[in-house]
Amino acid sequence: MSKTTFSIRDLASEFDVTTRSIRFYEDQGLLFPTRKGQTRIYSSQDRVRLKLILRGKRLGFSLAESKELFELWDQTPGGSIKQLERLQAKITEKKQALEQQLNDIAMLQIELDSAEARCQSAMQALLSQEQNAK
């Protein structure tokens, strides 16, 4: 049987994040643990949200973007076309940004190759001048 509640240490260990990070996500309104005294008790939903937050971060989503998607989900617990359209738009934005970064990297590589070739040519010319001067 799977667990229905988790401690902050359980989640930190499972997802290899610090307890401080989890508390930060809570402060940002992304996780909503219940409390028993000073102890935070996270639900299965909190666990799923943490998993989605971390996945979103890997995909380049900001915490604000993740929160926006969570809020859309909370409005319609079964999911909605609005939520899926927003997610799809975010994915398209991320893909376009990555494509631009790839283009920028390719251009930078060309510029570095050119600068390297000019540097090597200048060094060969200087070495040639030194040898001719001897």
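What do you reckon, is Glu71 in a helix (DSSP H, G or I), open to solvent by less than 100 Å² (accessible area, probe 1.4 Å) and free of Cβ contacts under 8 Å to residues at least 24 places away in the same chain? Give the derivation first.
Details: in a helix (DSSP H, G or I): yes; open to solvent by less than 100 Å² (accessible area, probe 1.4 Å): yes; free of Cβ contacts under 8 Å to residues at least 24 places away in the same chain: yes.
In short, yes.
From the residues in segment 30-65 that are small (Gly, Ala, Ser) and in contact with a Phe, Trp or Tyr (Cβ under 9 Å, 6 or more places away or on another chain), which one is farthest from Thr92 (Cα to Cα)?
Ser43
Quick check on my filter: what residues within segment 34-52 are open to solvent by 70 Å² or more (accessible area, probe 1.4 Å) and polar (S, T, N, Q)?
Answer for segment 34-52, where residues must be open to solvent by 70 Å² or more (accessible area, probe 1.4 Å) and polar (S, T, N, Q): Thr34, Gln38, Thr39, Gln45.
Going by the conditions given, is Ser66 out of contact with any helix residue (DSSP H, G or I) (no Cβ under 9 Å at 6 or more places or on another chain), touching a residue at least 24 places away in the same chain (Cβ under 8 Å) and closer than 30 Å to Thr5 by Cα? Spell out how you get there, then give the answer.
Details: out of contact with any helix residue (DSSP H, G or I) (no Cβ under 9 Å at 6 or more places or on another chain): no; touching a residue at least 24 places away in the same chain (Cβ under 8 Å): yes; closer than 30 Å to Thr5 by Cα: yes.
In short, no.
Criterion first (open to solvent by less than 50 Å² (accessible area, probe 1.4 Å), hydrophobic (A, V, I, L, M, F, W, C), in a helix (DSSP H, G or I) and closer than 23 Å to Arg86 by Cβ) does Leu31 satisfy it?
Working: open to solvent by less than 50 Å² (accessible area, probe 1.4 Å): yes; hydrophobic (A, V, I, L, M, F, W, C): yes; in a helix (DSSP H, G or I): no; closer than 23 Å to Arg86 by Cβ: yes.
Taking the combined requirement at face value, the residue does not satisfy it.
Take Arg118 and decide whether it is basic (Lys, Arg), part of a helix (DSSP H, G or I) and modelled with pLDDT of 95 or more. Break it down stepwise before answering.
Values: basic (Lys, Arg): yes; part of a helix (DSSP H, G or I): yes; modelled with pLDDT of 95 or more: yes.
Spelling it out, Arg118 is indeed basic (Lys, Arg), part of a helix (DSSP H, G or I) and modelled with pLDDT of 95 or more.
Is segment 95-106 home to any residue that is within 26 Å of the chain's Cα centre (by Cα) and not in a helix (DSSP H, G or I)?
So the first thing to find is which residues in segment 95-106 are within 26 Å of the chain's Cα centre (by Cα), and the list is 95-106.
Narrowing the set further to residues that are not in a helix (DSSP H, G or I) leaves none.
For segment 95-106, residues within 26 Å of the chain's Cα centre (by Cα) and not in a helix (DSSP H, G or I): absent.
Any idea how many residues of segment 53-62 are touching a helix residue (DSSP H, G or I) at 6+ places or on another chain (Cβ under 7 Å), farther than 16 Å from Ala12 by Cβ and surrounded by fewer than 17 Cβ atoms within 10 Å (Cβ to Cβ)? It would help to see each step written out before you state the result.
Filtering segment 53-62 down to residues touching a helix residue (DSSP H, G or I) at 6+ places or on another chain (Cβ under 7 Å) leaves 53-54, 56, 59-61.
Still in the list and also farther than 16 Å from Ala12 by Cβ: 56, 59-61.
Retained after the next criterion (residues that are surrounded by fewer than 17 Cβ atoms within 10 Å (Cβ to Cβ)): 59-60.
The number of residues fulfilling the criteria is 2.
Counting just the residues of segment 8-28 that are without any contact (Cβ under 8 Å) to a residue 24 or more places away in the chain and assigned to a loop (DSSP other than H, G, I, E, B), which one comes out surrounded by the most Cβ atoms within 10 Å (Cβ to Cβ)?
Thr18
Just checking, how many residues over segment 85-125 are among the basic types (Lys, Arg) and open to solvent by 80 Å² or more (accessible area, probe 1.4 Å)?
If we filter segment 85-125 for residues that are among the basic types (Lys, Arg), which is where we start, we get 86, 90, 94-95, 118.
Next, from what is left, pick out any that are open to solvent by 80 Å² or more (accessible area, probe 1.4 Å): 95, 118.
Number satisfying all stated conditions: 2.
Among the residues in segment 40-52, are any in a helix (DSSP H, G or I), among the aromatic types (Phe, Trp, Tyr) and closer than 22 Å to Phe15 by Cβ?
Scanning segment 40-52 turns up no residue that is in a helix (DSSP H, G or I), among the aromatic types (Phe, Trp, Tyr) and closer than 22 Å to Phe15 by Cβ.
The values are calculated or read from the model by the stated rules, or taken from the named source; none is laboratory data. Remember, predicted model here, so these are calculated numbers, not experimental data. Methodologically, a virtual Cβ is constructed for each residue, glycine included, from the backbone with ideal geometry; neighbour enumeration extends over all protein chains shown. Areas reflect the complete protein model, heavy atoms only, side chains present, ligands, DNA and RNA absent. Shrake-Rupley method; radii C 1.70, N 1.55, O 1.52, S 1.80 Å.
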